Amino acid sequence: MQTITHNVSAKKLRFKRLRAICTLAISAIAISASASAIESNLPKVSAIPATVMEGDKFSLLLTGTSPDGCGLARDSVKITGEEITVVFIRAGGSLGICTQVLTPFSFPISVFDAGTAAKAGTYKVRIELAPIERNSQTVNKLLAFALVPVTPFGKRPILPESGQWSYEEGGPHATSGSGVGFNIERQDQVLVNISSLYGGDGSPEWYINSGTLVANTLSSELFSVNGGQSLFGAYKPVKEVQYSGNVHLEFNSPVHGTAWFTQPIDEGLISGLKLMPISIARFSFGFGVGARALTTRWALVGEGASAIQGSTLLLADIANPGNTAWRYVSGDYQLNCELYAARPALLPKSCSLTKSGVSVANFDQIGYSRMRGSDAAGLSVSMFRLD
């Protein structure tokens, strides 16, 4: 049995460790790439295998370091919808005598019983520690958090659009408001995010994280950057890069998602985590609102459908049947889209494209800049915004 501990005595990372930074704009990416390589000692939970498809089984691996003499035992594993909760108890009902000698641990956790498997979606994994004395007034302590994306069979992972993102009013996690921003830049599978937030005293702060997407998610360490050049001041390099927790980005569509922020509560032997989910969406300030944002010119490109190569569609509204569907037309083409029933003001959930009544493609990823889908043969088809 193992004890989980947090050793965060080396939280502050000095800028002298970071090299080859020429300008502040470039340094944002360079800082993140360099600082992310410096691992914190917080427990981590990951999925095995790292890439999971619908119908697969996966297990969890909890790793970290613990002081000798303290023990943990797994108590329960529970799956509720897309949430997996693993509860540990202190071995023998007490903490035991902890020493200062830290020993690495690796704790495998089985998740699925016989006859069960992963469903499409993004599992939220919570590793919790139950209190020694359980009663109605006590709650479990969150030790670790992770996202496990499960890609639908035959589908491509969701790729977020680059641009300015903000808090999504009316999203599933009403934990924030206006004034919060996220500058997300994706190049291939690599993503860099700069979060514009505020300190406890209300002063503006910006944080940076980066990494490689795993399906539709990114989990990485979060760093605040302090002491750099002022707007009209003489140049001076960034003074300090400070570890500020972790962020887990989950994208439910190319333009919607959730940022799950975690941060240690304290530096104790068995510290807990604070968890803050914020609903986020790409900020549309020029494309228009909801389904009307798609009424513009698009280039239609497909891998195998040579007849559509280079086609340009000028989508115009021809019908708005209510809160469930939206229809567009462009010459012989017609695009029929399904809306989110509970939130019809969003971009459509999915769309099907026909030409003279014959199916051309089905799009399951709808963004402001690109729609992604496939034809009847399963080959990739995209529409790219031209205006």
- Task: Using R₀ = 30 Å, calculate the FRET efficiency as 1/(1 + (r/R₀)^6) where r is the Cβ-Cβ separation of GLN242 and VAL190; round to 0.05.
- Result: 0.85
- Message: Greater than 24 Å separation of Cα atoms is the criterion. Which listed pairs, LYS124/LYS349; LYS57/LYS78; LYS236/LYS274, meet it?
- Response: LYS236/LYS274
- Message: Based on C-alpha coordinates, I'd like the Rg and Dmax of region 157-304, in Å.
- Response: 17.5, 58
- Note on the structure: Along the dipole axis of region 290-385 (charges at Cβ: +1 for Lys and Arg, -1 for Asp and Glu; origin at the Cα centre), the most positive-end residue among GLN365, ALA345, LEU300 is ALA345
- Message: If I model a spin label at SER178 and LYS155 as a point 7 Å from the Cα along the Cα→Cβ vector, what separation in nanometres do I get?
- Response: 3.4 nm
- By average C-beta atoms within 10 angstrom, highest first, the peptides 248-259, 216-227: 248-259, 216-227
- Just the number, please: Stokes-Einstein D of region 151-214 in µm²/s, Kirkwood Rh from C-alpha pairs, 10 °C, 1.306 mPa s. 116 µm²/s
- Message: If N is the number of residues in region 251-387, what value comes out of its Cα radius of gyration divided by 2.2 N^0.38 Å?
- Response: 1.32
- Message: I want the local charge near PRO108. Using Cβ-Cβ distances under 14 Å, sum +1 for each Lys or Arg and -1 for each Asp or Glu among the other residues.
- Response: +3
- Note down the nm distance, to one decimal, between modelled labels 7 Å out along Cα→Cβ at ALA342 and at THR116. 2.3 nm
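Rule-based calculations on the coordinates, nothing more; no lab input. Here the structure is a predicted model, which is why all the values come from computation and not from measurement. In this analysis, Cβ positions are derived from the backbone assuming ideal geometry, glycine residues included, and neighbour counts consider all displayed protein chains.
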